[in-house]
Structures are given as C-alpha cells and as structure tokens.
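Below: one structure, written as structure tokens.
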Amino acid sequence: MLDKKKSDCQKLNIKAKYRELISEQDLKRRIKELGEEISRDYESKCPILIGVLNGAFIFMADLIRELTIDCEVDFVKISSYGNKKVSSGNIKLIKDFDCDVDGRHVLVVEDIADSGRSIRFLEEMFSESKPKSLKFVSLLLKEGGAVVDFELDYVGFRIENEFVIGYGLDYAQKLRNLSSIQVLD
Ligand code: IMP
Ligand code: MG
C-alpha cells in the first residue's frame with residue numbers, strides 16, 4: 001500500500017522521505033477510545049462537531065463513526081501554513097461555519113495543535129456565537145510547540161516537535177492520502 005502511494009508521490013514530483021510514527025491500527029484503536037469518551041461526555045446533548053479543513057477531514061470521518069450518540073457536523077476552513085513546514089502565524093478564515101451554534105454544544109475537531117494559534121483563533125471566533133459549551137479535540141498535540149496559551153479537551157496522541165504528514169495532514173497540500181501518520185524528514 002505504502003509502496004503504491006510512494007510511487008504516486010513520485011508521479012506528483014514529491015521527493016519526500018518519511019517514516020511511520022503512528023500506525024493505522026494505533027489510530028483506529030485510539031479514535032475508538034476517543035469516540036467512547038466523547039459519547040459518554042455528550043450523552044443526550046447532540047453536539048455539533050465542527051471539523052477544521054482541510055487537515056481534519058479523515059479524523060472527523062473516523063471519529064463520528066465511533067460515536068454512539070446523536071450529533072451534527074459542520075466544517076470551517078482556516079489557513080496558516082501556506083506551502084511551508086512552519087506556520088506563518090497569520091491565520092485566515094477561508095470558509096465560515098453554516099450552522100447556528102447559539103445555545104448548542106460545539107466540539108471543534110482539529111488534526112494537530114502546534115503553536116496553538118489556530119485553536120485560539122477558533123475559540124475566539126466560536127465564543128462570539130454563544131455556544132452552550134465549546135470544547136476542542138485534536139488528534140495530535142505537538143509537545144513544546146505552544147506559543148500562545150490554549151487548552152484541548154481531548155487529545156489523541158502527544159508527539160514530538162516534528163513535521164508530520166498523512167491521515168489528512170499535508171505537506172504543500174500533498175501526502176494527505178497516506179493511511180498512517182508519518183514523520184517527514
Ligand atoms: P498551530 O496554529 O500552529 O497550532 O497549527 C495548527 C495547524 O497547522 C494544524 O491544524 C495543521 O493544519 C497545521 N500543522 C501544524 N503542524 C503540522 C504538521 O506537522 N504537519 C502538517 N500540518 C501541520
Ligand atoms: Mg488543521
């Protein structure tokens with residue numbers, strides 16, 4: 001599978017070297033646990049899960065299928081990285097959410113938190129719309145990357161400060177289609 005995707009990347013002219021950090025099985029196991037925990041915490045609350053595009057689309061799709069409660073979904077799109085491995089720090093809202101979050105339980109679904117700027121940006125943005133509760137789940141948290149104060153309510157995996165790709169996460173918009181999380185060297 002990986003070999004096939006590596007050759008796809010060669011076709012795309014990406015000369016990337018990467019090594020597996022979190023396997024497909026470990027992702028599946030941990031996301032099931034997160035789904036169970038979130039289902040317990042939100043019992044009878046019908047939360048709106050808001051996925052942060054593009055990176056969170058695969059995590060979001062897998063996470064909601066592990067929920068045993070009613071939920072709704074929506075998406076926002078923000079951008080900060082451009083085609084670089086380091087965040088520009090300048091976050092832009094590219095697609096706003098469509099749902100009415102006033103009085104609702106909102107759970108924002110992120111792929112990875114690094115500097116924390118995106119989480120802070122989203123927290124300020126959603127708070128203005130007066131949700132009944134506002135929580136954040138991130139599949140990954142980069143240890144030691146924080147440059148602003150931020151809090152996550154659920155974290156899949158804590159990882160070292162390395163650039164990761166796959167399972168929705170990109171480098172210059174590519175490599176999102178790898179099935180596991182890989183470190184880009
Ligand atoms: P932050 O605002 O610095 O916390 O960065 C958060 C966003 O940057 C994430 O939602 C990702 O889209 C992107 N990002 C951060 N680290 C990585 C990485 O290692 N690989 C791919 N994207 C990343
Ligand atoms: Mg993201």
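No lab work stands behind these numbers, since they all come straight from the coordinates. Because the structure is a prediction, the values reported are computed rather than measured. All Cβ positions, glycine included, derive from the backbone under ideal geometry; neighbour counts span all protein chains shown.
Assuming R0 = 30 Å, can you tell me the calculated FRET efficiency for the pair ILE69 and ASN90, based on Cβ-Cβ distance, to the nearest 0.05?
Details: r = 37 Å, r/R0 = 1.22.
Efficiency at R0 = 30 Å is approximately 0.25.
Calculate the FRET efficiency for SER39 and VAL155 from the Cβ-Cβ distance with a Förster distance of 30 Å, rounded to the nearest 0.05.
Details: r = 17 Å, r/R0 = 0.57.
After rounding, the FRET efficiency stands at 0.95.
Net charge around LEU53, counting only other residues with Cβ within less than 12 Å of its Cβ (Lys, Arg = +1; Asp, Glu = -1)? Don't skip to the answer; put the middle values down first.
Values: positive: LYS77, LYS95, ARG176; negative: ASP74, ASP96, GLU110, ASP111, ASP170.
Neighbour charge sum, excluding LEU53 itself: -2.
Arrange the following residues from fewest to most other Cβ atoms within 10 Å of their Cβ: CYS46, CYS71.
CYS46, CYS71
Count the net charge of all other residues whose Cβ sits under 12 Å from the Cβ of PHE157, scoring Lys and Arg as +1 and Asp and Glu as -1. Walk me through the intermediate numbers first.
Numbers: positive: ARG29, ARG30, LYS142, ARG158; negative: ASP26, GLU33, ASP111, GLU143, GLU160.
Its environment carries a net charge of -1.
Using modelled backbone amide H atoms (1.01 Å from N, in-plane), which distant-in-sequence or interchain residues come within less than 5 Å of LEU141's amide H?
Those lying under 5 Å, H to H, from LEU141 are ALA113, PHE157, ARG158, ILE159.
Identify, among PHE157, CYS71, ILE38, the residue whose Cα sits farthest towards the positive end of the charge dipole of the chain, taking +1 on the Cβ of Lys and Arg and -1 on the Cβ of Asp and Glu, with the dipole about the Cα centre.
Result: PHE157, furthest along the dipole toward the positive end.
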